[in-house]
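> Shown below is the structure under consideration.
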Amino acid sequence: MAVPGALIVVFQLFVVYLLLLLLSFAVPRMHPILYTSLFLFTVISVLFTVFVPFGKMLIHLFQRPSMPFAALLVASAGIYYVSEVLAMQMQDAGYHAFAQLFQTVVKLCILSLWFPMIRQLFETIEPLIPW
Amino acid sequence: MTQLLTTMASEVIGPFLLVMLVIFFTLFIDFLIPSFQKWTRVTLLIALLVYLLEPAMNSFEQIKMITHAISSLFLGIFPIIAAIIVSSGGTFGVVNFQPAMLLFAQGAVVLAEKLLIPLLALALLLDILSRLLPEITFTKMADLLRTTLLALVSAIVASYSIFITAGGAITWAMSGMLNEPVKELIRQNVPLIGSLLTDSIGSIGRYSSGASAYIGVWLLITIWSVAILPALKTLLTAFLFRWTAALVEPFAQSDVCGLLDDIGRTLFVLCAISFLIAFAFIYTSIFVVTFVKLMTTLK
């Protein structure tokens, strides 16, 4: 992902924002559903044009054969960020409880990504325990 | 030889470089997603423990293994010693052998195996726990354990020196003029255990230089290096922990460099214990070698 590509995405985001403002005046009753669908479209396109290439670049930058940590951290941070954005969107629509549930499930997913590493940690600490 | 050195260096230093990279990497994530900061801290601690506990644990394992080997060596030779003491008293006058000394050395080994090393491991565990859960801290307890262990080890080393000078007729072979500055350097630059280190090396030197007449210099050097190498490796690892802590302090969270510092301090105490064990090892093996030589030449 080069810098001009990112700038184009910034421009697109602003256009989408203007479009949303316009829609809120033109069709106020349809606004929630239009907002949600437009938001989802934007999230998916930004995810695949900006986030995924950037994450790959970051992982590639710090990749070592003995270092699964970088990939894990990037993946979990990315998942957390996307889930946070989606949950905020749900909260905008007024579904606070649903947003909470969604975030908890995502947190569980992230934790299960880390399980192999935590198990490795336990195995390392185990000989320390004298009894 | 060069390759061996390179692999050894990468084995010891590699994890520390990796940790610096990891901490730098987490800075990126913190900048990108500030709301993930708390998690980044936890995952960073986990990664640090996974990467860095291994060198520390290797030192622990190595010293445990040596302790075990020495205590079984003693158990193996004890019946023969007892038999010889009964049959011929005269030989032992030559070796300047003190049965109490051997017993004392072995007592120190047993103490280290059964009490000192497990307690030190407990201190390390408490440190890790208090960094993982900052709300429940055990830092005072860990510090107390470490200082107590250090005091115990110094007391034992001090009594070693008393035993050896009581034996008499044995002097430190190297000239004092050459020796003192080196000792002073070590004493001032190795944190926590510097003076202990010089004292114990001096005591071992006093003993083994007396014995060199019987067993030859090269064998003595071999015994010394076998005994001292694990302790030196532990010392190097401890220094690397503290250096890493010092290097990452400007840009890492205080937790991280505190943890590194704590592990380093624990390893210094482990190094002190390993010197105690090395001393017992040197004493026992010199005794066994001298004894075998006398048995084969005098009879």
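The values are calculated or read from the model by the stated rules, or taken from the named source; none is laboratory data. Everything numeric here is computed off the predicted structure, so don't read it as measured data. Here the Cβ is made from the backbone with ideal geometry for all residues, glycine too, and neighbour counts use every protein chain on show.
> Only residues that are of a type in the set (Gly, Ala, Ser) and modelled with pLDDT of 75 or more: list them for segment B:241-299, please.
Answer for segment B:241-299, where residues must be of a type in the set (Gly, Ala, Ser) and modelled with pLDDT of 75 or more: B:Ala245, B:Ala246, B:Ala252, B:Ser254, B:Gly258, B:Gly264, B:Ala272, B:Ser274, B:Ala278.
> Are any residues in segment A:80-131 among the acidic types (Asp, Glu) and surrounded by 13 or more Cβ atoms within 10 Å (Cβ to Cβ), and if so, which ones?
Those that are among the acidic types (Asp, Glu) and surrounded by 13 or more Cβ atoms within 10 Å (Cβ to Cβ): A:Glu84, A:Asp92.
> Here is a further query. May I ask you to list the residues in segment A:47-81 that are more than 9 Å from chain B (Cβ to nearest Cβ), free of Cβ contacts under 8 Å to residues at least 40 places away in the same chain and either closer than 19 Å to B:Phe31 by Cα or among the charged types (D, E, K, R) (or both)?
Passing the criteria: A:Leu47, A:Phe51, A:Val52, A:Gly55, A:Lys56, A:Ile59, A:His60, A:Ala71, A:Ala75, A:Ile79.
> Confirm whether B:Ser212 is more than 21 Å from the chain's Cα centre (by Cα) and either charged (D, E, K, R) or at pLDDT below 75 (or both).
yes
> Looking at A:Glu84, A:Glu123, which one is without any contact (Cβ under 8 Å) to a residue 24 or more places away in the chain and either facing chain B (nearest Cβ under 9 Å) or in contact with a Lys or Arg (Cβ under 8 Å, 6 or more places away or on another chain) (or both)?
Testing whether each residue is without any contact (Cβ under 8 Å) to a residue 24 or more places away in the chain and either facing chain B (nearest Cβ under 9 Å) or in contact with a Lys or Arg (Cβ under 8 Å, 6 or more places away or on another chain) (or both) leaves just A:Glu84.
> Still on this model: Condition test on A:Val50, is it surrounded by 15 or more Cβ atoms within 10 Å (Cβ to Cβ) and at pLDDT below 90?
Criteria met by A:Val50.
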